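The values are calculated or read from the model by the stated rules, or taken from the named source; none is laboratory data. Just so it is clear, the structure is predicted and the values come from calculations on it, not from any experiment. Please note: Cβ atoms are built from the backbone with ideal geometry, for glycine as well, and neighbour counts cover all protein chains shown. To get the accessible areas, we keep the full protein, side chains included, count just its heavy atoms, and leave off ligands, DNA and RNA. Shrake-Rupley method; radii C 1.70, N 1.55, O 1.52, S 1.80 Å.
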Amino acid sequence: MSLLESIQDSRVLLFQLLHNLTESINLLTRQTRRCRSLRPTWRRDDLMQKEDSPVCAAEIGSELQKQFAILPGGRASNGSPVVVFPEYPAFSELEEEELQNVLGYLTSLPSAAASGVGFILVIDRRQDRWAAVRATLHRIAGSFPRILDLVLVLRPTTLFQRTLSDFLFKFNKDEFKMKVVMLSSVTELHAYIDPGQLTTDLGGTQEYCHDSWISHRTAIEAFALMVKTTAQTLQAFGTELAETELPNDAEATTTLLHTHSLKKDTMKENLQVALSQGGRLLECINEPLQADPEYNMTHDEMENLATVQRLLGQLDETQSAFEDFWERHCTKLEQCLQLRHFEKHFREVRAQLDVTSERLSGFSEISVSPTHAEHVLRELSSHEDKACDVMDVALSLASEGDRLIENSHYAEDSIRPKCSELRGVCDEISSILRSKKSLLLRALELHHALDKATRWCEDGIFLLASQPVDRCQSQDGAEAALQELERYLDTAALHTLTDRGAICCQYEAVLNSQIRDQIERVFQKQNSVEEMFEKRRVSLKKLAAKQTRPVQPVAPRPEIKSPLSSPHVERKERRYSADGALCRKTEPPMHNGTTRHASLTEEEENLAVLRRHVMNELLDTERAYVEELLCVLEGYAAEMDNPAMAHLIPSTLQSKKDILFGNMPEIYQFHKRMFLKDLEAYTDCPELVGRCFLERMKDLQIYEAYCQNKPRSESLWRQCSDCAFFQECQKKLEHKLGLDSYLLKPVQRITKYQLLLKEMLKYSKGCDGCGDLQEALSSILGILKAVNDSMHLIAITGYEGNLSELGRLLMQGSFSVWTEHKKGHAKVKDLARFKPMQRHLFLHQKALLFCKRREENGEGYEKAPSYSFKHSLSMSAVGITENAKGDNKKFEIWCNSREEVFIVQAPTAEIKTAWVNEIRKVLTQQLKACRDARQLKNSDSVTPSPTSNTSISLSPFRSSGQKNQKKQEEKKAEPSPASDTNSCSSPKHKGWNKASLSADASEENDGYSSGEDPMNSDTEDEVKKLAPGKYTVVSDCDKAGPQELSVKSGDMVQLIREGEDGQWFVKNLRSSKEGWVAAANLLSLISESKSSQSLSSSDGSVSGNLSTSSSCSETYTSFSDIKP
């Protein structure tokens, strides 16, 4: 039997017991409706309305207390109940309602069987008159509500009244309409009713106390009313329980169960109270019998006793039935609550399984690289752990559903399909996980095999490139090289792929077009390497098999001692590089030209492979970099906007995503959408990749903004690095390193490009894109320099102007600085400062800033120094003196006719040279701009002729009013003794126009050292053509042979003589070493440098400085620039 059926049976039983209980209550009380005498004047609806109100002892207690009628409980021999009307003189004065209430109440107490026989009335009127007796009989005849069997009247005892009653009764007997018997004494009464059924005042033996009788009847009726009310409440509660619809949610079910439990407890308390009161009433009924075992109960007492006992028994049964019904109903509610919880958990777990399945479907079984396969496999393993947790919860819920079914849950038909559904989804997810994991492992296996074959090919190429050709010219060397190749080829079976068809068939499930192309490239590479090995083997076998005289390598050219000697045309050398090693190859004899051509072809192939190797590294690292940026943006930056993670974000981090990540989203979009695709376009021609960098050079400048923001980002990270938000994000991403390591990736990436470009340039000598690679490398280095400079520039404090208005930052560095101020005609050191000031100089296009470096505090980027602004010089009013105080690390910067002089000491002579060159470049650009402006305006510009000594003013910052005009006129007429000397100081300056400076120029631009006017010089021809003289080297150049010269940036070199093969014999004045340098290299080494022939006084030439107050031999103003 199901729970619902058992609940229905319990309900039927409970209601049957309640019905029986009601019947017992009716038997106990025997209450009727109020009965009125049917008078003709009453309406029927009034009567029915009156009958609706039950009569109880409590309501008519005052009428019963008058004792004009009593029901002592006696019975006649035929079982008729006996109603006694004691002596009551005021009977005629009773209200009709009082009489009807009392008679109706008394006649309702006997049982239906006894009432059916009819009542016997005993009217005691022994002390009354006949008229009162006659009136009483008439009133009783009209008011008695039940059947009258007999009316016994004890007539008056006085002689007159007795005689009168006997006489008149005979004549009025028929008017009473009831059987009336006149009795003269109680003895005659005993003939009709046994004395044991009569009270003592009627000569009987029955003890009767009217007050006790009223109290007893009141208690019985109160108990009956309580039981009846309890039964009605219990029935209503049972109906409510049976008709209650089960809620659809757990919360409502819990509330309903709690409410019903409270009502059940109340009902149980009421039943206990009724049982207790019934027990006390039973004791009260049995009290006379307990006091006197000989006591004979009246029929009414015996009926009341039996009814109360039956009622108590039924109450006990009803209580048991109610408890059983409640137990079943409570079980139903509890099972409903279990069902609602199960359904709620089912919906939650089902949603989690759907999310898990959806995420799982997003994992691709096909990967494009080993790194990608390992990344996807790690992500899948992480997802598998989470999926297993969800599936464990789902299977646990299914087991819980099974337990509910085993416990005979009423909703078995609803629970069982859900359990099956959970198990089915879990099995499906497990199957998909195993399948994807298996496919990813196979893909990873394939990628490892491809990488293994690729590495074997690359190692083989390195092996071919590293074999020295000169050693292979001998038979022993060729045999050794051949054995080396054979040993390496023996390892091919362990590393290479053999059957393309078998590979494709074996890994068909994980192949896509990209992987198929990769497999094809690997097989092509293997074939290419095998062909290269075969060619090398053939060449080496030929060399090893020859028994003729071995080819002698050409002896190296002896070191040239005299600058008059020149190298032979046929002694050219060629450099080759393989994996960082330089291999020298000499020119073999003409009869061995075939072997040399084959070697050159192999070397070119080796270099091509090396370029592809560098290109692959560039592409692989670029893809990994893009993935890392995406991982950071999705795993950290996006989570900062996730409401579910908001409670983990500290207040110091809120609304500061732009500070923490800078412009990383912009960097990611650039690399993802443009730069990576551009790089992939050069996969087959890596030597041309420099063009890609040049095209995107402006876009790469976005790194400058990122690096400038890096100190703020680092500071914010240090404040919040330990917060739960970053830990939770790192846990989700399963990163071993924290966010700070990934925030450093853009800085590392921009510095990585220059290393890769250097490698590519090293293997691309002589290729079409070599120039683009060199330019791209220079541009990248320029970006790095700009980034580094900007990091210092943003640390300047105290500058009131706008730094962006000063033009591009060209150089910055720390120096020791002395200052001098000119007062009158004497030079006085500012504040007698002998100890130098430590200043950090920032050279802009329009100004030179002097700042003081402050102490570094903090850690990481917080250790970046700050700079306090001290002084600035406008570049339009600046002049320089290259050598100061005889110290090759010092130079002078001055302005306003040397009224303010800054003696600057660099840490090294190279740094000093670089700064002087850069300042001269700025001043030269200013001169060119001024000259172009004059030519456009066609204003008062003076072009010196080759034969005239016309005086010109070269100062761009002179005031409109000429200072000391008379003195200028006098000095204008004085010739310059240095002009003739300088005009023939160097053959490379042939054709240059010499002009003497005016006294105005000499005074205002004190220290101007140019004896030549560069306005007539042809700089374009000078750059393309070299001439003997002294030059400053601006970049390093390593020697390629024993007879070549190695120079470093900043070295002073002297070009002595040009050779026949396009080389120059050069002397390094710093190291006093001599050697040959190719003219093409010289053009790149010194094309940006300045000839020192006209600057140095060691040649015997006179400097062009007309100022007698200058103690320095080489000075420059804003318009001084001498091209070699």
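Observations, loosely collected:
- Restricted to the range 909-938, and to residues there that are open to solvent by 50 Å² or more (accessible area, probe 1.4 Å) and within 54 Å of the chain's Cα centre (by Cα), the residue that is farthest from Arg839 (Cα to Cα) is Gln925.
- Looking at Arg39, Arg30, Arg34, just one residue is at positive phi and modelled with pLDDT under 85, and that residue is Arg30.
- Test result for Gly104, touching a His at 6+ places or on another chain (Cβ under 9 Å), within 27 Å of Lys179 (Cβ to Cβ) and either at pLDDT 80 or above or assigned to a strand (DSSP E or B) (or both): no
- In this entry, Ile429 passes the filter for residues that are at pLDDT 85 or above, over 29 Å from Leu610 (Cβ atoms), open to solvent by less than 30 Å² (accessible area, probe 1.4 Å) and under 36 Å from the mean Cα position of the chain (by Cα).
- Filtered residue count, the range 320-368, keeping only those that are more than 41 Å from the chain's Cα centre (by Cα) and not small (Gly, Ala, Ser): 12
- Residues of the range 54-91 that turn out to be in contact with an Asp or Glu (Cβ under 6 Å, 6 or more places away or on another chain), open to solvent by less than 30 Å² (accessible area, probe 1.4 Å) and under 17 Å from Leu154 (Cα atoms), as a count: 1
- When every residue of the range 47-61 is checked against the conditions, at least one turns out to be part of a strand (DSSP E or B) and at pLDDT below 85.
- Test: residue in the range 390-400 that is modelled with pLDDT under 90, open to solvent by less than 50 Å² (accessible area, probe 1.4 Å), part of a helix (DSSP H, G or I) and under 23 Å from Leu353 (Cα atoms): no
- Only one of the numbered conditions (1) farther than 17 Å from Leu873 by Cβ; (2) at pLDDT 80 or above; (3) surrounded by 14 or more Cβ atoms within 10 Å (Cβ to Cβ) is violated by Gln962, and that is (2).
- Inter-residue pairs, beta-carbon under 6 Å, first touching a residue at least 40 places away in the same chain (Cβ under 8 Å) and in the range 911-930, second buried (at least 18 other Cβ atoms within 10 Å of the Cβ) and in a helix (DSSP H, G or I), 6+ apart: Val922/Met875
- Among the criteria (1) modelled with pLDDT of 85 or more; (2) open to solvent by less than 40 Å² (accessible area, probe 1.4 Å); (3) within 30 Å of Leu154 (Cβ to Cβ), the one Cys209 does not fulfil is (2).
- Set Ile667, Ile659: member being among the β-branched types (Val, Ile, Thr), open to solvent by 40 Å² or more (accessible area, probe 1.4 Å) and out of contact with any strand residue (DSSP E or B) (no Cβ under 9 Å at 6 or more places or on another chain): Ile659
- Of residues in the range 72-96 being acidic (Asp, Glu) and touching a residue at least 40 places away in the same chain (Cβ under 8 Å), the one nearest to Ala57 (Cα to Cα): Glu96
- Residue in the range 820-840 that is in contact with a Cys (Cβ under 7 Å, 6 or more places away or on another chain), modelled with pLDDT of 90 or more and either part of a strand (DSSP E or B) or open to solvent by less than 40 Å² (accessible area, probe 1.4 Å) (or both) present: yes
- Answer from Lys268, Lys264 - the residue that is open to solvent by 40 Å² or more (accessible area, probe 1.4 Å) and either in contact with a strand residue (DSSP E or B) (Cβ under 9 Å, 6 or more places away or on another chain) or among the basic types (Lys, Arg) (or both): Lys268
- Scan of the range 926-957 for residues that are modelled with pLDDT of 80 or more and closer than 21 Å to Ser897 by Cα, ordered by number: Gln926, Leu927, Cys930
- Test result for Gln483, assigned to a helix (DSSP H, G or I), surrounded by 12 or more Cβ atoms within 10 Å (Cβ to Cβ), of a type outside the set (Phe, Trp, Tyr) and without any contact (Cβ under 8 Å) to a residue 12 or more places away in the chain: yes
- Only one entry of Glu421, Glu334, Glu374 meets the criterion of being out of contact with any Leu (no Cβ under 6 Å at 6 or more places or on another chain), in contact (Cβ under 8 Å) with a residue 40 or more places away in the chain, within 25 Å of Thr254 (Cβ to Cβ) and part of a helix (DSSP H, G or I), and that entry is Glu334.
- At least 1 residues being of a type in the set (A, V, I, L, M) and open to solvent by 10 Å² or more (accessible area, probe 1.4 Å) is the threshold, and among the helices (runs of 4 or more DSSP H) wholly inside the range 682-760 those reaching it are 689-695, 702-720, 724-733.
- The range 877-898 - residue that is modelled with pLDDT under 85 and of a type in the set (S, T, N, Q) and, of those, surrounded by the fewest Cβ atoms within 10 Å (Cβ to Cβ): Asn896
- Scanning the range 401-418 for residues that are open to solvent by less than 60 Å² (accessible area, probe 1.4 Å) and in a helix (DSSP H, G or I) returns Gly401, Asp402, Leu404, Ile405, Ser414, Ile415, Lys418.
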